[in-house]
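Values in this text are rule-based calculations from the coordinates and carry no lab data. Since the model is a prediction, treat every value here as computed from it, not as a measurement. Quick reminder, even Gly has a Cβ in these numbers, built from the backbone with ideal geometry, and neighbours come from all protein chains shown.
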Amino acid sequence: MSPASSATPTSQRPQRLPRTLLALVVSTLAAAGLVLTTSAPAHAEDGYRYWNYAHLQGEEWTFADTGPGDFTPEDGDVEGWRYGTSTVSQGIFPRADLTEVSFDTVCEGAEAGDGEKRVAVLVDFGTEEDAEGADVPEPLAECAVVPAGANGSQVLESVVDVRQQDAMTCALDGYPAQGCGDPVADAQVSADEEPVSFTLPASADDGDPAAGDSEAAAGEDGSGFPWTLVGVLVVVVVLAALAIPLYRRKQSA
């Protein structure tokens, strides 16, 4: 090797000094805990706007592993449906206060006959952000009394109108009016939502017009005594008592 090739060119020496100083500065800052780490912004995940399907297990919601047609709830179960934007990694549940909305409160007074079961169904129509200008229906809770072998789809169809497309639940009670599982770019899914009020079903007495008619026929006090008829008869007797003297006076004249 020639002396010329073994010697380090003078022009390269200044380039090593900044790197040495930079390494020294970085190591010093690191020792002092002042090095700032930077990371690329997280990639926003694409999602879909659709009806999420879940089951209540104990006091916690869990997402369905199958479609409603392939799942058979049992008597006393609670099924949940929530419309809105969700992703593969983050779904959305009905915004129900489970201390107030439960199987007992939803199915109170409902009775299942032989070969039947009761299933509470919670339907949360979601937020205005996902409504695209449409009016958002109020969340509702219904008690489905269905045959014991009914699957999740049959349970749902017993309490609301269902629009499906290719075995996918697209709309409940006409909401949304169009679309089915539309994609949403850069989906924003709220991880913490406040509970909302659900409309509970009326009790059997409140919701049965025939019950009110029976009470009216039986009397306001529910004793079965026809007080209304008695009142009418009293009025007739009083009018007759006043009419008879007038008739006699007229005859005498």
| note | Sorted on mean Cβ neighbours within 10 Å (highest first), peptides 119-132, 153-166 come out as 119-132, 153-166
| task | Would you kindly derive the ³J(HN,Hα) couplings of segment 164-170 from the backbone phi angles with the Karplus curve 6.51 cos²θ - 1.76 cosθ + 1.60 (θ = phi - 60°), listing them in order in whole Hz, with x for Gly and Pro? | result | 10, 8, 6, 6, 9, 6, 9
| Given H placed on each backbone N at 1.01 Å, which residues far from residue 164 in sequence or on other chains put an amide H within less than 5 Å of it? | 170
| Using modelled backbone amide H atoms (1.01 Å from N, in-plane), which distant-in-sequence or interchain residues come within less than 5 Å of residue 126's amide H? | 83
| query | Where Rh is the Kirkwood radius over the Cα pairs of segment 64-146, the temperature 4 °C and the viscosity 1.567 mPa s, what D in µm²/s does Stokes-Einstein return? | reply | 91 µm²/s
| task | Per residue of segment 183-200, in order, report the coupling 6.51 cos²θ - 1.76 cosθ + 1.60 (Karplus, θ = phi - 60°) as ³J(HN,Hα) in whole Hz, putting x for Gly and Pro. | result | x, 10, 6, 6, 5, 10, 10, 6, 8, 10, 10, 6, x, 10, 7, 9, 7, 8
| request: Provide the FRET efficiency to the nearest 0.05 for the residue 189-residue 128 pair, computing r from the beta carbons and using R0 = 22 Å. | output: 0.90
| What list of ³J(HN,Hα) values in whole Hz, one per residue of segment 146-155 in order, does the Karplus curve 6.51 cos²θ - 1.76 cosθ + 1.60 (θ = phi - 60°) give from phi, with Gly and Pro shown as x? | 9, x, 4, x, 5, 8, x, 5, 5, 4
